[in-house]
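Student: Pasting a structure here, questions to come.
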Amino acid sequence: MDEAISFLRQFLDALYRMSHAKLSEPDDMKFISLVRAADAFFDGKDFGSGGSRPLDDPPSLFASEDYRQAAAALHPAPLFAVAHHQHSKGPLFRAWTGMEETGKRGSMMFYNYYVQRRNDARKVIARYIVCTTCLGAGEVANGGTCRACRGGGWEHRGGTKVKLLGPLVEVRKLEAPTDPLSQAAYQAIGR
């Protein structure tokens, strides 16, 4: 579990460095190298960070007040929790993370990343985003199953569709989200 958590922290840091450079680095080649570094964590040609920007922006844009403020507001996304499952293809780790920018209500759970070994290296094999209807809880206010996500709480956004996780081996809750709307989903982790 410790190795998976370390991998996830390095991954989130690579995403942060890429996102920060998108707003602060005028050298296109340096930005592209950070995109490639983030993409190296992903499994597959058609599945990656999605990092991009116009490659002919004037250098003055990166010195503008708007870009400087936006870059200053970024931080590595919080890693809220990690679950280890014994999947049929080997250990599978599910991570609950936030975003690189804190919202008005605080840090919220926004992404689920799934990590598994591929060719002797850990790789991010899937990305999900929180359901915008139930905010990851899988239930709506009246206690019924969320229709938008069919009770899963998350919507697939790239990589392998993970359907069967396998038996739960361990859960580590690392920090709680501060957004009150994410706290119900956080409390449900591991149940």
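Student: Quick check for you: which residues of segment 71-90 have the amide N under 13 Å from the point 7 Å beyond the Cα of Ser52 toward its beta carbon?
Tutor: Inside the label zone: nothing.
Student: Between Met1 and Lys89, what is the label-point separation in nm under the 7 Å Cα-to-beta-carbon projection?
Tutor: Inter-label distance under the simple model: 2.4 nm.
Student: Answer rounded, prolate or oblate for segment 133-191, using the Cα gyration tensor with square roots of eigenvalues a ≥ b ≥ c: rounded when a/c is under 1.5, else prolate when a/b is larger than b/c, else oblate.
Tutor: Verdict is oblate for segment 133-191.
Student: Each residue of segment 34-43 in order: what ³J(HN,Hα) in whole Hz does its phi give by Karplus 6.51 cos²θ - 1.76 cosθ + 1.60, θ = phi - 60°, with x for Gly and Pro?
Tutor: 6, 5, 4, 5, 5, 5, 5, 7, 8, 9
Student: Sorted by packing (mean other beta-carbon atoms within 10 Å per residue), highest first, where do 97-109, 50-62 land?
Tutor: Details: 97-109: 18.0, 50-62: 11.6.
So the order, starting with the most tightly packed, is 97-109, 50-62.
Student: In the chain, how many lysine pairs have Cα atoms under 18 Å apart, counting only pairs 8 or more places apart or on different chains?
Tutor: Numbers: Lys22/Lys30; Lys45/Lys123; Lys45/Lys161; Lys89/Lys123; Lys89/Lys161; Lys89/Lys163; Lys123/Lys161; Lys123/Lys163.
The number of close lysine pairs in the chain is 8.
Student: If you keep only loop residues by DSSP, which GluC sites (Glu not before Pro) in segment 123-178 have at most 14 other Cβ atoms within 10 Å of their Cβ?
Tutor: Those satisfying the criteria are Glu175.
Student: Near the amide H of Val169, under 5 Å away, which other amide H atoms are found, from residues 5 or more places off or on another chain, if H is placed in the peptide plane?
Tutor: Close amide H contacts, sequence-distant or interchain: His84, His85, Gln86.
Student: Using a basic spin-label model with each label point 7 Å from the Cα along Cα→Cβ, how many nm lie between Gln10 and His75?
Tutor: Between Gln10 and His75, the label points sit 2.4 nm apart.
Student: Apply 1/(1 + (r/R0)^6) to the Cβ-Cβ distance of Thr133 and Ser33, taking R0 = 41 Å, and write down the FRET efficiency to the nearest 0.05. Don't jump to the answer; show the numbers that get you there.
Tutor: Working: r = 38 Å, r/R0 = 0.94.
Computed FRET efficiency for Thr133 and Ser33 comes out at 0.60.
Student: Further, regarding this structure: In whole Å, how far is the Cα centre of segment 147-183 from that of segment 41-58?
Tutor: Distance between centres, Cα-based: 25 Å.
Student: Kindly identify segment 79-188 as rounded, prolate or oblate by the Cα gyration tensor criterion: order the square roots of the eigenvalues as a ≥ b ≥ c, call it rounded if a/c is under 1.5, otherwise compare a/b with b/c, prolate if a/b is larger, else oblate.
Tutor: Details: a/c = 1.84, a/b = 1.46, b/c = 1.26.
Verdict is prolate for segment 79-188.
Each reported figure results from applying straightforward, stated rules to the coordinates on display, with no laboratory input. The structure displayed is predicted, hence computed values, not measured ones. Heads up, the Cβs are rebuilt from the backbone with ideal geometry, glycines too, and the neighbour counts pull from every protein chain shown.
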